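The values are calculated or read from the model by the stated rules, or taken from the named source; none is laboratory data. The shown structure was predicted, so the numbers you read here are calculated from the model rather than taken from an experiment. The protein model used for the area step is the full one, side chains on, heavy atoms only, and it has no ligands, DNA or RNA in it. Shrake-Rupley method; radii C 1.70, N 1.55, O 1.52, S 1.80 Å.
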Amino acid sequence: MADGSDTTLTADQTASGQAPNGLVAGIKTFAAEHGGAKAVIEYVGKRGARVVLVGSDGAWGDQFAEDTVVAREACAQAGVAVENAWERELMDQMRPSNDLWRSMARRTMAR
């Protein structure tokens with residue numbers, strides 16, 4: 001029996017094509033507006049992958065990609081480093097806006 005499968009997806013594989021230009025442009029724009037950025041890629045099932053961007057100034061935002069491979073390729077093309085997980089230092093850097101705090105205050109917990 002063979003040691004592995006030729007259809008197994010590994011972390012070393014890259015996308016066969018380019019990432020969508022709109023995704024790359026969105027990541028580049030965010031990084032330029034906030035003095036640089038780091039990204040965390042989250043798999044969200046059939047919807048694809050969420051690219052959460054944290055700017056050097058503490059602002060954050062997100063973009064969506066069709067899958068994690070495309071998300072990593074887009075970040076590489078945009079020159080944004082991808083973190084492997086939510087590290088404490090990255091979370092401490094995030095600064096929610098006053099608008100976000102207000103919107104969270106209006107929400108009630110579902111029981």
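Within the stretch 6-63, work out how many residues are modelled with pLDDT of 90 or more, open to solvent by 90 Å² or more (accessible area, probe 1.4 Å) and more than 14 Å from the chain's Cα centre (by Cα).
So the count comes out to 1.
What number of residues in the stretch 64-111 are open to solvent by 90 Å² or more (accessible area, probe 1.4 Å) and either among the hydrophobic types (A, V, I, L, M, F, W, C) or at pLDDT 90 or above (or both)?
7
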